[in-house]
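The values are calculated or read from the model by the stated rules, or taken from the named source; none is laboratory data. Being a predicted model, the structure only gives us computed values, none of them experimental. Heads up, the Cβs are rebuilt from the backbone with ideal geometry, glycines too, and the neighbour counts pull from every protein chain shown. Accessible surface is based on the protein model in full, side chains and every heavy atom, while ligands, DNA and RNA are left aside. Shrake-Rupley method; radii C 1.70, N 1.55, O 1.52, S 1.80 Å.
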Amino acid sequence: MLKLGVNIDHVATLREARYRGQRQGEPSPVDAAIAAEAAGAHSITAHLREDRRHILDADIAALRKAVSVRFNFEMANTAEMVRIALRTKPEIVCLVPEKREEVTTEGGLDVAGQLPALKRTCKKMAKADIEVSLFINPDAKQVDAAARSGAQFIELHTGQFAEHFGNARARQRELNRLIAATAHAHSLGLRVNAGHGINYENLATLHAVPHLEELNIGHCIISHAVSVGLPRAVKEMLRLMKGYRG
Ligand code: PXP
């Protein structure tokens with residue numbers, strides 16, 4: 001069964017738009033996580049960015065207590081974030097590249113270019129019983145490096161697929177890249193998640209990608225929730241994921 005991880009960062013984005021620096025205010029990422037979980041989400045993801053632009057340290061601690069499905073802590077591979085992860089003990093960390101000026105996580109991690117540092121983090125997480133996922137572009141070189149890093153999972157960046165969804169040829173090219181990368185990763189023993197830019201329209205096309213375990217989806221679910229409420233937004237996504245054959 002294909003699982004759904006709900007990313008609740010943008011609940012905090014909305015709060016911070018009004019209450020930045022006040023350590024209070026609505027909407028609550030914890031309430032959103034509880035509602036998503038009750039609606040059937042299989043995991044909750046939150047990204048503590050170095051600039052704390054949406055999720056704050058206090059949210060991470062509160063989410064860890066409130067979430068009873070798997071908690072996926074998304075983070076840059078920095079000493080500070082590693083410390084916070086080891087203290088928080090999520091079920092899994094997803095390591096992502098981070099640039100201050102980007103609107104959201106724009107590209108995949110260059111695993112091949114920073115393998116020793118990633119290996120050290122994977123070792124520390126393994127000791128603490130925390131799984132590791134590496135957010136990478138669907139690229140054989142990065143998959144090969146991920147297989148040597150000690151991470152159990154990769155999360156394939158579906159941003160290019162989502163961006164080119166409106167153009168049939170480009171969409172097929174990006175879909176083929178995702179299919180090739182998942183097949184390659186699976187053959188190397190990696191477990192495969194995917195995320196970024198997945199929405200109610202493009203999800204059905206991703207059923208063609210084999211070996212996927214979980215999709216991490218944030219922006220479109222939180223956006224749709226403004227109109228229909230979070231429980232229904234989550235349930236509609238889960239319905240679209242049904243029938244995935246793997
Ligand atoms: N996965 C990762 C690693 C991400 O960085 C993001 C964006 O925060 C997502 C999934 C979710 O992307 P979106 O908000 O476009 O659904």
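Points worth noting:
- Selection status of GLU155, in contact (Cβ under 8 Å) with a residue 12 or more places away in the chain, within 16 Å of the ligand (Cβ to nearest atom), crowded, with 24+ Cβ neighbours inside 10 Å and among the charged types (D, E, K, R): yes
- Condition met for ALA38 (more than 17 Å from the chain's Cα centre (by Cα) and in contact (Cβ under 8 Å) with a residue 40 or more places away in the chain): yes
- When the range 176-189 is filtered for residues that are within 13 Å of ASP144 (Cα to Cα) and open to solvent by 10 Å² or more (accessible area, probe 1.4 Å), the ones remaining, listed by number, are ALA180, ALA183, HIS184, HIS186, SER187, LEU188, GLY189.
- Whenever a residue of the range 215-232 is in contact (Cβ under 8 Å) with a residue 24 or more places away in the chain and of a type in the set (A, V, I, L, M, F, W, C), its partners that are open to solvent by 60 Å² or more (accessible area, probe 1.4 Å) and in a strand (DSSP E or B), lying with C-beta atoms within less than 8 angstrom and at least six residues away or across chains, give the pairs LEU215/LYS3.
- Cβ separations smaller than 8 Å between residues 6+ apart or across chains give the following pairs from the range 60-81 residues that are of a type in the set (Asp, Glu) to residues that are open to solvent by 50 Å² or more (accessible area, probe 1.4 Å): GLU80/GLU50.
- Which listed residue is open to solvent by less than 60 Å² (accessible area, probe 1.4 Å) and without any contact (Cβ under 8 Å) to a residue 24 or more places away in the chain, from ALA170, ALA147: ALA170
- Residues that are near the ligand (Cβ under 10 Å from one of its atoms) and among the hydrophobic types (A, V, I, L, M, F, W, C), drawn from the range 195-214: ILE198
- Of residues in the range 215-246 being touching a strand residue (DSSP E or B) at 6+ places or on another chain (Cβ under 9 Å) and of a type in the set (Val, Ile, Thr), the one nearest to the ligand (Cβ to nearest atom): ILE217
- Condition met for ARG23 (more than 15 Å from the ligand (Cβ to nearest atom), farther than 29 Å from GLY243 by Cα and modelled with pLDDT under 95): yes
- For the range 214-245, filtering for residues that are open to solvent by 50 Å² or more (accessible area, probe 1.4 Å) and either closer than 23 Å to ARG173 by Cα or among the acidic types (Asp, Glu) (or both) leaves 2.
- In the set (1) over 19 Å from the mean Cα position of the chain (by Cα); (2) open to solvent by 10 Å² or more (accessible area, probe 1.4 Å), GLU91 fails one condition alone, (1).
- Subset of the range 37-87 [of a type outside the set (Gly, Ala, Ser), away from the ligand (no atom under 14 Å from the Cβ), in a helix (DSSP H, G or I) and crowded, with 20+ Cβ neighbours inside 10 Å]: ASP59, ILE60, LEU63
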